[in-house]
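Data block below; observations after.
What follows draws every value from the coordinates through simple rules; no lab data is involved. What you are looking at is a predicted structure, and each value in this text was computed from that prediction instead of being measured. Note: ideal-geometry Cβ built from the backbone for every residue, glycine included; neighbour counts use all protein chains shown.
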Amino acid sequence: MSAKKPKSTKSTKTTKSTKTTKSQLPAPSASAPVEESAPAAAPTPAPAPAPAAVPVVTPPLKNPNRKKRTGLVVGVISLLVAVLLVAGAAYFLWWQNPSRVVADAIANSFSIEEVATKGTISIDSSEMKIEADIKSASNKEAGKADVDMKITPRTQIDKTLSFEMKSVYTRDGELYINVDGVEELFEEFFSAAMEKSLRQRSYTLTLSQRQQLEVAKRQFMAKFKPFVDKLDGKWLEVKSEDFKSSSSTDENSCFNEAIKSFVKDKAMREEVGKAYRENAFLKVKKSVADRNGAKGFEIDLKSQETKDAAKKFSKAFKETEFGKKIEKCDKKSDNKYSSDSDDEKGMEDVTLKVWADPFSHQIRAFELSGKSKKDDAKVKISFDINPGKVGKIEVPEDADNFKEVIESLNGYNSGGRSLPLPIVGIRSLYT
C-alpha cells in the first residue's frame, strides 16, 4: 500500500524551514572524512490557484399575504371579464333578435329626416298594366321623385306607352310635376287606338285610306299642339283644392296640416315611434335572403296575434298628438285604423317583407305584394331605403297652374272628365 502524499501546504512549510544555503554550511576539515551527499529531494508541485470568491445572495422572504391578495385580484378580474362577456353576448343576441330588429326599424323610420329611395311599383290587371321605376330623395324641407313610367291600356290599345315624369313637393304641401315626351305619347296613343279599332272590325286599309289616316293623325296633333306645348317638359303646380269640392277641400286641408305638423315636429314623430315600439304588431314569420346590406324577414300578417297587436297599436296611436289631429279631420277615423280581412275592396294573399340593418336597426328595404279582391289586380311595391344626407332639393320657380293648363284643352272642364279618345277622321275610314 503506497504512502499518503503529504498535503501541499505542509510540504511547503517543511521546505521553507529546512532549506539552507551553501554559504551557511561549515567548511570541512582536513581530518574529517568527506561524507557523500544525499540525493536531492523531488521538487514539490506548485499549489493550484484558489477559486474566485462567489458572492452569496440571500433570497427575499416570501409574503404569503401578498400572494393571497394577487390571487384575489386575478380572480375578481377574471370574474368581471366573464360577466361582461356573458352580458355582452346576451345583449348582442337580444339586440339582433329578429323581432327586436324589425320593431326598432319600423319605430325608427318615423324619425328619419333625410333619406334616398329606389324602387318599383307595378299594377297588373285585365284592363291596364302600370310599371314605374322610381328614384326619390327627401330632407327636412322638400322631396323629389324621378319616375320612368310604362302604361299599357289593354282595353283601348295594344301598345305600351312610355314617358318620364319628375315631381317636387315641399313640407308646406306644394306639389310640382314635369312630364317629358307628351307629344310622342299623344301620337303613339292615337296611332295605336286607330289600329286596334280597325283590327277589331277586321278592316284592311288601302293605300288611300292609310294616307287619310296620316292626315287625320296630323289634324289631331295640330288640334292638341297648343295644349301639348304647355305641358311637355314644363313645370306645373298642382293644388289639390282645384279638383275637390268645398267639403272635400276642407277635409283635405285638415289632413295636410296634420301631416305638415308631423313632419316638422320631431317629438310628435318620436311619440308615434314609441307607440309602435311598445305595441309592435309586425311579427317575424321567417328569415329571407339579405338585401341592400341588411337582414330580411317575412312578416306574419294573418295570425290572430298580429291582429290583436294591431288593434293595440291602433288604440295607442289615437292617444298620440298626431293621432288626435288625424281623428279630428275625419269623423270615420274609427274605420281608418281597423283592418277588416273581409273587406271586399281590400287585398288578399298579401306578403310583406322587411329588411333592416342588424346593428343600427334602420330599415333598409321593404316589399309588399298582393291581389285586389275587387278586380284581381296584382300589386307589387318594392323599395330600397338609404337614410342619410341627400343635399339640397331645388323647388321649381315660375311654374304654371296645372288646372289652368288642363282646362285650356278644348272640351275639358273642371268636372273631372278625362282626356277624350282621339276619334278625328276615324269614322270616314270605314263608313
For this session: Just check the stretch 99-164 against the gyration tensor rule for me: Cα atoms, a ≥ b ≥ c as the square roots of the eigenvalues, rounded for a/c under 1.5, and otherwise prolate or oblate depending on whether a/b exceeds b/c.
Result: oblate
Exercise. If each of Lys196 and Arg218 carries a label point 7 Å out from its Cα toward its Cβ, how far apart are those two points in nm?
Worked result: 2.7 nm
For this session: Within the stretch 298-323, find all residues whose amide N lies under 14 Å from a label point positioned 7 Å from the Cα of Ser261 along Cα-to-beta-carbon.
Result: 318-323
Problem set entry | Distance (nanometres) between label positions extended 7 Å along Cα→Cβ at Asp124 and Lys302 | 2.1 nm
Seminar exercise, completed: Env charge @ Ala137, Cβ radius under 13 Å, K,R +1 / D,E -1, value +1
Exercise. Within the set Lys118/Lys230; Lys274/Lys311; Lys264/Lys307; Lys260/Lys307, which residue pairs have Cα atoms separated by over 27 Å?
Worked result: Lys118/Lys230; Lys264/Lys307; Lys260/Lys307
Exercise. For the residue pair Ser111 and Glu164, what label-to-label distance in nm results when each label sits 7 Å from Cα along the Cα-to-beta-carbon direction?
Worked result: 3.8 nm
For this session: Would you mind pulling out the separation of the Cα centroids of the stretch 247-303 and the stretch 143-176, in Å?
Result: 25 Å
Exercise. Once phi is turned into ³J(HN,Hα) by the Karplus curve 6.51 cos²θ - 1.76 cosθ + 1.60 with θ = phi - 60°, what whole-Hz value does each residue of the stretch 306-322 show in order, with x for glycine and proline?
Worked result: 5, 5, 5, 5, 5, 5, 5, 5, 4, 5, 5, 5, 5, 8, 7, 4, 5
For this session: Distance from a point 7 Å along Cα→Cβ of Glu184 to each backbone N in the stretch 109-151: keep the residues under 14 Å and list them by number.
Result: 148-151
Exercise. Cross-link partners among aspartates and glutamates for Lys266, C-alpha distance below 18 Å, same-chain residues fewer than 8 apart left out?
Worked result: Asp104, Glu113, Glu114, Glu141, Asp172, Glu257, Glu319, Glu321
Exercise. Fewest to most neighbouring Cβ within 10 Å: what's the order for Arg218, Arg201, Arg291, Arg364?
Worked result: Arg201, Arg218, Arg291, Arg364
Exercise. How high is the FRET efficiency between Asp148 and Lys230 when r is their beta carbon distance and R₀ equals 30 Å, given to the nearest 0.05?
Worked result: 0.85
